[in-house]
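Visitor: Dumping the structure here so I can ask a few things about it.
No value in this document is a laboratory result; all are computed from the given coordinates. Here the structure is a predicted model, which means the values were calculated and not measured. Please note: Cβ atoms are built from the backbone with ideal geometry, for glycine as well, and neighbour counts cover all protein chains shown.
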Amino acid sequence: MMKSPATAGGINIAVRGSHVETVLGTLNQQRATAMRGGPRVTSGSVKEFVLKSMVENYAELPRILRRPLWRFWHSWIIAREKRDVAMTCMNYGYAGLDTPETVDLLPEEENERYGLQMYHQAASWVQLEGKDVLEVGSGRGGGAAYLARHQKPASYVGLDISEPAIRFCNDHHRFDNLRFVTGDAEALPFENDRFDAVVNVESSRCYPHILRFFAEVKRVLKPEGTFLLTDMRWKTDVRQLRQQLVESGFAIADEKEIQQNVIRALDVDDERKRQLIRRRIPKLFTAAFNEFAGVRGSGRYTSFDSGKMDYWSFKLVHAS
Ligand SMILES: C[S@@+](CC[C@H](N)C(=O)[O-])C[C@H]1O[C@@H](n2cnc3c(N)ncnc32)[C@H](O)[C@@H]1O
């Protein structure tokens, strides 16, 4: 439902959902406090706050902004990257509840253990060996490379909306069965019945029209194919997600709530992420990156920890 326009710095923005309005409201409160003689709001701190809030509330931003923002975000990271690439996974991670480590990794993969374990969990429902696999929203390709290398599909195609991310992936991850292409989740550039499995990790919440994405997955999946969907949702939206899946012609063959595993991963990986951000990110962007990484105390961490945000892993098949 469209709400009435909110105002930020004299600009009217038509917003959908309450989170953006909360951001703008907080900004206005900060201004009012400063005008009453409270702590001064510097333009630096306002920018930091706005950037952080945009990351935190990305999925509630107007639809038209979401795709360009992803492209900008990927380009920004790539432009600042030194030769040593420190991040190829962009999800919040998965850890075991007793022992955080759930899989054996190669030494060079160890640094991104929890992001890779998220992929292991997402794909754990099926055997990918010898299969043709599509991943939608493959980001910086770490998870795609991990599955292509260890699960040995015949072919693994990673697709993302961001051209710079795809260029990075094709340069950085080189395996014979792996390639990356630019494309939109809502208009997949493939023929019908092309893939045995479609993988989707922490990306679907970004899509402006989720039903178009589900219709596209159904179209490109072979009749006996499997859709492996792993993502977060506000707790209040999980029921709607299930309905949308069923209405799109999928049956839920298996599912697991993994929110506690995500919190555990955020906890055990907290210091590594903070250090990385301290070392590499200019101060203006620190709060935004802390939010993006879900460090302890961030809005995202708190939404998981308070139970407002859920995280689910689904195995979906064509409904008969
Ligand atoms: C949080 S990142 C997750 C990336 C990757 N799955 C991972 O776990 O490392 C979300 C990804 O979805 C991509 N994305 C957003 N909207 C998209 C769309 N409409 N079509 C394809 N990819 C999209 C973004 O560019 C980004 O790389």
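Visitor: Suppose each label sits 7 Å from its Cα in the direction of the beta carbon; what would the K283-R242 distance come out to in nanometres?
Guide: The answer from the label model is 4.9 nm.
Visitor: Given the chain, what percent of its DSSP beta bridges are antiparallel, to the nearest 5?
Guide: In the chain, approximately 50 percent of DSSP beta bridges are antiparallel ones.
Visitor: Further question on the same structure: With each run of n ≥ 4 DSSP H residues scored as -39500 (n - 2.57), what mean residue ellipticity at 222 nm is computed for the chain after dividing by its residue count and rounding to the nearest 500 deg cm²/dmol?
Guide: Calculated from helices alone, the mean residue ellipticity at 222 nm is -13500 deg cm²/dmol.
Visitor: Be a star and scan the range 155-173 for residues whose amide nitrogen sits under 15 Å from the point 7 Å along the Cα-to-Cβ vector of F190.
Guide: 155-161
Visitor: Compute the separation of the alpha-carbon centres of the range 59-74 and the range 142-211 and state it in Å as a whole number.
Guide: Centre-to-centre (Cα) distance: 19 Å.
Visitor: Mind checking which of R279, R179, R296 has the largest fluctuation in a GNM of the chain, springs on alpha carbons under 10 Å?
Guide: Judging by the Gaussian network model, the answer is R279.
Visitor: Continuing with the same structure: With 10 angstrom as the radius, rank T226, T99, T286 by how many other C-beta atoms surround their C-beta, starting from the fewest.
Guide: Listing T226, T99, T286 from fewest to most nearby Cβ atoms yields T99, T286, T226.
Visitor: Gain in length, A215 to L276, computed as 0.36 nm per residue apart minus the alpha-carbon separation, to one decimal in nm?
Guide: Length gained, A215 through L276: 18.1 nm.
Visitor: If you wrap a convex hull around the Cα atoms of the chain, how much volume per residue is inside, in Å³?
Guide: 138
Visitor: Moving on to the next point. For an R0 of 25 angstrom, estimate the FRET efficiency from the Cβ-Cβ distance between T182 and R80 and round to the nearest 0.05.
Guide: Numbers: r = 21 Å, r/R0 = 0.85.
With a Förster radius of 25 Å, E is 0.70.
Visitor: Here's another thing I want to ask about it. Which value in Å is the Kirkwood Rh of the range 178-318 over different Cα pairs?
Guide: The Cα-based Kirkwood calculation yields 16.7 Å.
Visitor: Ok, one more. Arrange L284, L221, L316 by Cβ neighbour counts within 10 Å, fewest through most, would you?
Guide: Placing the least packed residue first, the sequence is L284, L221, L316.
Visitor: State which helices in the chain qualify, where a helix is a whole DSSP H run, it must extend 18 Å or more along its own axis by its Cα atoms, and its mean Kyte-Doolittle hydropathy must be at least -1.0.
Guide: Qualifying helices, which must be both long enough and hydrophobic enough, are 18-35, 43-56, 63-80.
Visitor: Taking K47 as the anchor, which lysines have their alpha carbon closer than 19 Å to its alpha carbon, excluding any fewer than eight residues away along the same chain?
Guide: Leaving aside lysines fewer than 8 places away in the same chain, those within reach of K47 are K283.
Visitor: Students often get this wrong, so check it: of K222/K315; K273/K315; K131/K218; K131/K315; K256/K308; K235/K256, which have C-alpha atoms separated by over 20 Å?
Guide: Violating the 20 Å Cα-Cα cut-off are K273/K315.
Visitor: Relative to the present Cα-Cα distance, how much length would full extension add between H318 and D254 at 0.36 nm per residue of separation?
Guide: 21.8 nm
Visitor: Decide, for the range 187-238, between rounded, prolate and oblate: order the square roots of the alpha carbon gyration tensor eigenvalues as a ≥ b ≥ c, take rounded if a/c falls under 1.5, and otherwise choose prolate if a/b is larger than b/c, else oblate.
Guide: It comes out prolate by the Cα gyration axes.
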